[in-house]
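Here the structure comes first, spelled out in structure tokens, and everything after it is commentary.
The values are calculated or read from the model by the stated rules, or taken from the named source; none is laboratory data. From a predicted model like this one, the values you see are computed outputs, not experimental measurements. For neighbour counting, all protein chains shown are included, and Cβ atoms are generated from backbone atoms with ideal geometry for every residue, glycine included.
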Amino acid sequence: MDQWGRVLSFIYGVVAYLIFFAVFLHAVAFLGPWDLSLSMDFGEEAPMGRAVAVNLLLLGLFGLQHSGMARQGFKKRWTAIIPEHLERSTYVLVSSLTLFLLFWQWRPISGMVWNLQDSFPGTLLWGCFWFGWLMVFVSSFLINHFDLFGLRQVYLHLRSRPYTPLEFNTPALYRYVRHPIMLGFLIAFWSTPRMTIGHLIFSIGATLYILIGIRLEERDLVDLHGEAYEDYRRRASMLQPLPMKRREP
């Protein structure tokens, strides 16, 4: 029976990851400047005031869920209810479903802020859009993609092996910027050759959430890693990909 429980936990983790990956692909389609049914600019428009209110509510809901469930205090209370090896997979699953709700219920607002399609600047922005998503994907593997999305936890549980937290390290991009995944998201959010009012609201709201979320996350990282992370903060920028700062004597 215990073995079946381990198998079911592993299946749960894999399903949660597959749902995340599908929503990740949906996010690319949602933000792209194309006329697809999955795009944020596709569909009938509601009155401006209602559309803005709904969209801000959706952004706020995602921000509260995504950041709230990531806090150490919540995790301690949450793992008193669910098995610890399922905590990350559950977080990934709930975050993915909340983000899908945002995509599903988003209200398009088509007023144009800029339209640089079929121009050289538009081509550059299109390239930056894909570069941002690539940075997100590559950066997740630099710090262990499978641990970040809960697969390592359920795999170790399946093999009856104890989970060991990852050691703090700063590989490749992390030597220059503390949050390259968030930097990649910001590049992808803002790099569009066709910026509508709806897209602008999303980009501003998501940027504010990322900046707030980083501050909260770094409090947890300082509590977890102590002086090692404080030293890292002195040496590497938060989001600007700058060379390592010199240590203060």
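From the residues in region 1-40 that are hydroxyl-bearing (Ser, Thr, Tyr) and over 22 Å from Val52 (Cα atoms), which one is surrounded by the fewest Cβ atoms within 10 Å (Cβ to Cβ)? Step by step, filter region 1-40, then rank; the result is Tyr12. Any residue that is over 20 Å from the mean Cα position of the chain (by Cα), outside any helix (DSSP H, G or I) and surrounded by 14 or more Cβ atoms within 10 Å (Cβ to Cβ) - is there at least one of those in region 201-223? Checked against the condition, which is being over 20 Å from the mean Cα position of the chain (by Cα), outside any helix (DSSP H, G or I) and surrounded by 14 or more Cβ atoms within 10 Å (Cβ to Cβ), region 201-223 yields no hits at all. Tell me which residues, restricted to region 150-188, are in contact with a Ser or Thr (Cβ under 8 Å, 6 or more places away or on another chain), surrounded by 19 or more Cβ atoms within 10 Å (Cβ to Cβ) and outside any helix (DSSP H, G or I). Result: Gly150, Val177, Arg178. Does region 65-85 include one or more residues that are among the basic types (Lys, Arg), under 18 Å from the mean Cα position of the chain (by Cα) and modelled with pLDDT of 95 or more? So far as region 65-85 goes, no, none of its residues is among the basic types (Lys, Arg), under 18 Å from the mean Cα position of the chain (by Cα) and modelled with pLDDT of 95 or more. Going by the structure shown, is Arg219 at pLDDT below 95 and over 26 Å from Pro171 (Cβ atoms)? Answer is no for this residue.
Suppose we keep only residues that are among the aliphatic types (A, V, I, L, M) and more than 18 Å from the chain's Cα centre (by Cα) within region 2-39. Which one would you say is nearest to Thr123 (Cα to Cα)? The selected residue is Leu36. In region 146-157, the residues that are closer than 13 Å to Phe20 by Cβ reach residues that are surrounded by fewer than 19 Cβ atoms within 10 Å (Cβ to Cβ) and of a type in the set (A, V, I, L, M) with C-beta atoms within less than 8 angstrom, at least six apart or across chains, in these pairs: Leu151/Val14. Entry remark, region 124-149: residues being touching a helix residue (DSSP H, G or I) at 6+ places or on another chain (Cβ under 6 Å) and assigned to a loop (DSSP other than H, G, I, E, B) number 1 in total.
When region 224-249 is filtered for residues that are modelled with pLDDT of 90 or more, part of a loop (DSSP other than H, G, I, E, B) and closer than 14 Å to Tyr174 by Cβ, the ones remaining, listed by number, are Ala236, Met238, Leu239. Among the residues of region 102-134, what is the count of those that are closer than 13 Å to Asn55 by Cα and not hydrophobic (A, V, I, L, M, F, W, C)? Result for region 102-134: 3.
Scanning region 84-141 for residues that are aromatic (Phe, Trp, Tyr), surrounded by 15 or more Cβ atoms within 10 Å (Cβ to Cβ) and under 24 Å from Tyr174 (Cβ atoms) turns up Tyr91, Phe129, Trp133. Exactly one residue among Gly63, Gly73, Gly68, Gly49 is touching a Phe, Trp or Tyr at 6+ places or on another chain (Cβ under 8 Å) and without any contact (Cβ under 8 Å) to a residue 12 or more places away in the chain, and that residue is Gly68.
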